[in-house]
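Asker: One structure is given below, represented as structure tokens, and several questions about it will come after.
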Amino acid sequence: MRALPKSLWAATATPPASYPPLRGHVKADCVIVGGGFTGLSTALHLAERGIDAVLVEANEPGWGASGRNGGQVIPGLKLDPSELRAKYGEERGRRLTTTVGATADLVFDLIARHHIDCDGRRSGWIQGAPGPKGLAQVRRRAEDWLAERADVAVLERGEVEARTGSNAYVGAFLDRRGGTVQPLSYARGLARAAAAAGARIHSDSPALALERVGQYWKLITPAGAVTASHAVLCTNGYSDQLWPGLSETVIPVLSSVVATEPLSDNLRKVILPGREGVSETRRVLNWFSVDGKWRVVFGGRTHQQETDDPRAFGAVVNRLTSAFPILGEPRIEFRWAGYVALTTDHVPHLNELAPNLFAGLGYNGRGVAMSTMMGKLLAERVAGTRAQDIPLPTTTLTRIPFHGWRATGIALAIGWKRLQDRINP
Ligand SMILES: Cc1cc2nc3c(=O)[nH]c(=O)nc-3n(C[C@H](O)[C@H](O)[C@H](O)COP(=O)(O)OP(=O)(O)OC[C@H]3O[C@@H](n4cnc5c(N)ncnc54)[C@H](O)[C@@H]3O)c2cc1C
């Protein structure tokens with residue numbers, strides 16, 4: 001079992017409950033692999049329907065991206081409502097818009113309903129535009145969502161600066177449906193809620209093999225096995241070779257994060273006084289928020305290796321100080337990184353891999369809210385809802401070509417996108 005990275009979230013989360021490794025051969029209606037938001041939400045929604053679920057996690061709940069992310073609860077997808085209608089047709093596009101527009105509602109409802117202690121705040125989400133191209137994009141986005149009667153707005157330059165404390169943006173999209181959570185505490189709270197509803201959760205239980213035995217799926221771990229009529233794979237950017245080709249359906253990209261020491265009382269009045277989550281329209285974007293003690297949590301793309309060596313975080317710190325010159329030379333208390341799973345079509349995938357075997361993954365850096373919704377949709381599929389009645393279209397496994405060359409491809413793509421960000425912000 002691998003320890004959690006030494007992140008701000010690991011240092012400040014609610015204590016974990018203890019989930020024993022799977023021992024012996026057990027039976028269930030559904031076996032779930034992966035204890036991030038996707039797997040935990042699937043387990044919770046199945047258990048609430050009275051469906052017997054066993055979840056196996058190689059490490060501990062929240063160990064993957066779910067316990068390392070920026071904690072920004074972002075409604076919607078990268079594609080806006082009109083783009084969803086263009087891609088999926090009028091009827092499907094509308095249903096999908098309703099679903100993805102409700103992802104933040106689901107997160108905050110679960111937090112309230114299960115009394116999850118995770119510093120959840122519906123403080124809004126801001127997407128800052130660094131230049132004219134970004135500004136046009138946020139205006140279009142706001143128009144699109146306003147037509148859906150969503151609680152969104154455009155912020156002009158002075159308003160973004162007043163809310164964020166940064167003058168890096170010429171305008172922004174404000175989505176009042178969004179907010180922030182302490183992500184590891186949210187994952188642990190979902191695990192507690194799922195276990196309380198009857199799901200059986202096992203840490204330190206890597207799934208080693210998954211095979212079809214008659215009408216059932218048999219999943220093998222080092223000290224046990226689960227036989228179930230249904231199986232759901234929720235391993236996202238940490239997918240291994242358990243199901244051939246699944247890891248090649250997404251591009252795992254490392255995202256690095258730093259957290260400063262708590263801000264002074266004066267700076268708290270300037271930097272995110274309303275505690276919104278902030279991201280950008282840049283192609284290679286930065287994102288930031290403040291935690292409960294007003295530490296600035298700032299992340300973005302840097303290196304290609306997972307390390308806590310401070311030298312590897314120099315570029316992120318430079319971007320933090322150029323967004324907030326007022327910070328001077330900030331003291332960095334925490335550094336960590338995690339894998340974001342990208343898809344080439346910019347939408348998450350609900351894959352049907354084989355009869356009664358599903359996978360949900362590929363949130364493109366917007367997974368806190370969407371993976372929670374994905375878990376609900378996966379539970380509906382397992383419970384017997386037909387594919388056509390689920391708003392997110394079901395897909396089959398499609399490998400990304402030249403996946404083995406992804407490190408080179410990512411480096412080239414990022415260099416090219418950074419150049420475009422400079423030329424046409
Ligand atoms: C640095 C960073 C910042 C981000 N910021 C944001 C943000 O602010 N807002 C937002 O919406 N999204 C953000 N994201 C994305 C978001 O965190 C993810 O989309 C979301 O957490 C995905 O959850 P998941 O459950 O699908 O995957 P994960 O949380 O990665 O969970 C997968 C789990 O599967 C387990 N696993 C893998 N293989 C096996 C196996 N064989 N057997 C058993 N277990 C296995 C792993 O141990 C892991 O715990 C960020 C991601 C990163 C990395």
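The numbers here are math on the coordinates, done by the rules we state, and not lab data. Computed from a predicted structure; not experimentally measured. Reconstructed Cβ throughout: ideal geometry from the backbone, glycine too, with neighbour counts over all protein chains shown.
Asker: With a cut-off of at most 13 other beta carbons within 10 Å, and DSSP calling the residue loop, which trypsin sites (Lys or Arg not before Pro) in segment 334-394 qualify? Please list them. It would help to have the intermediate numbers written out before the result.
Answerer: Details: sites: Arg335, Arg366, Lys376, Arg381, Arg386; in loops: Arg366, Arg386.
Those that pass, being in a loop and sparsely packed, are Arg386.
Asker: From the gyration tensor of the Cα coordinates in segment 133-292, what semi-axes in whole Å does the equivalent ellipsoid have, largest first, with each one equal to sqrt(5λ)? The partial results should precede the final answer.
Answerer: Numbers: eigenvalues 345, 83, 53 Å².
Semi-axes from the Cα gyration tensor: 42, 20, 16 Å.
Asker: Can you pull the one-decimal nm distance between simple spin-label points at Arg212 and Thr344, each 7 Å off the Cα toward Cβ?
Answerer: For the pair Arg212/Thr344, the computed spacing is 2.6 nm.
Asker: Something else: Between 0 and 90 degrees, rounded to the nearest ten: what's the tilt of helix 367-382 against the longest Cα principal axis of the chain?
Answerer: Once rounded, the angle reads 20 degrees.
Asker: Cα axis of helix 90-101 to longest principal axis of the chain: angle in degrees, 0 to 90, nearest 10?
Answerer: Value to nearest ten degrees: 80.
Asker: Over segment 288-425, consider all pairs of different Cα atoms and compute the Kirkwood hydrodynamic radius from their mean reciprocal separation; express it in Å, one decimal.
Answerer: On the way: mean 1/r = 0.0548 Å⁻¹.
Hydrodynamic radius (Kirkwood, Cα pairs) of segment 288-425 is 18.3 Å.
Asker: On the first, second and third principal axes, largest extent first, how far apart are the outermost C-alpha atoms of segment 78-202 in Å?
Answerer: On the principal axes, segment 78-202 reaches 51, 41, 24 Å in Cα extent.
Asker: Also, quick follow-up: With r defined as the distance between the Cβ atoms of Glu159 and Thr227 and R0 fixed at 51 Å, what FRET efficiency is calculated, to the nearest 0.05? Write out the running numbers ahead of the final one.
Answerer: Working: r = 57 Å, r/R0 = 1.12.
Efficiency at R0 = 51 Å is approximately 0.35.
Asker: Among Gly404, Ala387, Ser371, pick out the residue whose Cα is farthest towards the positive end of the charge dipole of segment 326-425, where Lys and Arg carry +1 and Asp and Glu carry -1 on C-beta, about the Cα centre.
Answerer: My answer, from the dipole projection, is Gly404.
Asker: State the dimensionless ratio Rg/Rh of the chain (Rg: radius of gyration of Cα atoms; Rh: Kirkwood radius).
Answerer: Working: Rg = 20.7 Å, Rh = 21.7 Å.
A ratio of 0.95.
Asker: Still on this structure, please answer the following. With loop defined by DSSP as not H, G, I, E or B, and exposure as at most 15 other Cβ atoms within 10 Å, which is the longest segment of the chain clear of exposed GluC sites (Glu not before Pro)?
Answerer: Values: sites that count: Glu148, Glu306.
So the longest stretch without any such site is 149-305.
Asker: Let me ask another. Quick check on my link table: of Lys78/Lys417; Lys87/Lys376; Lys6/Lys293; Lys27/Lys78, which ones sit more than 28 Å apart, alpha carbon to alpha carbon? List each step's numbers first, then the result.
Answerer: Numbers: Lys78/Lys417 16 Å; Lys87/Lys376 23 Å; Lys6/Lys293 17 Å; Lys27/Lys78 39 Å.
In this structure, Lys27/Lys78 lie more than 28 Å apart at Cα.
Asker: How many angstrom lie between the Cα centre of segment 123-191 and the Cα centre of segment 315-367?
Answerer: After rounding, the separation between the Cα centres reads 17 Å.
Asker: Counting other Cβ atoms within 10 Å, keep those with at most 15, restrict to DSSP loop, and tell me which trypsin sites (Lys or Arg not before Pro) in segment 246-321 are left. Could the numbers behind the result be given before it?
Answerer: Details: sites: Arg268, Lys269, Arg275, Arg282, Arg283, Lys293, Arg295, Arg301, Arg311, Arg319; in loops: Lys269, Arg275, Arg282, Arg283, Lys293, Arg295.
Sparse-neighbourhood loop trypsin sites (Lys or Arg not before Pro): Lys269, Lys293.
Asker: Pick out, from Trp243, Ile74, Gly171, the residue whose Cα sits farthest towards the positive end of the charge dipole of the chain, with +1 on the Cβ of Lys and Arg and -1 on the Cβ of Asp and Glu.
Answerer: Of the candidates, Gly171 comes out farthest on the positive side.
Asker: Expressed as a rounded percentage, what relative contact order does segment 214-277 have, with Cα pairs under 8 Å and six or more residues apart?
Answerer: Working: 32 pairs, mean separation 10.2, N = 64.
Value for segment 214-277: 16 percent.
Asker: Leu397 label point, 7 Å along Cα→Cβ, cut-off 16 Å on backbone N: hits in segment 210-231?
Answerer: 210-213, 217-220, 231
Asker: What value, in deg cm²/dmol to 500, does the helix sum -39500 (n - 2.57) over DSSP H runs of n ≥ 4 give at 222 nm once divided by the residues of the chain? Provide the component values of the computation, followed by the final result.
Answerer: Working: 12 runs with 133 residues, N = 425.
My calculation for the chain gives -9500 deg cm²/dmol from helical runs alone.
Asker: Once R0 is set to 35 Å, what does the formula 1/(1 + (r/R0)^6) return for the Cβ-Cβ distance between Ile423 and Thr307, expressed as a FRET efficiency to the nearest 0.05?
Answerer: Working: r = 31 Å, r/R0 = 0.90.
Here the calculated transfer efficiency is 0.65.
Asker: Can you give the relative contact order of the chain as a percent, counting alpha carbon pairs under 8 Å and 6+ residues apart? Please list the in-between numbers first.
Answerer: On the way: 979 pairs, mean separation 101.5, N = 425.
After rounding, I find 24 percent.
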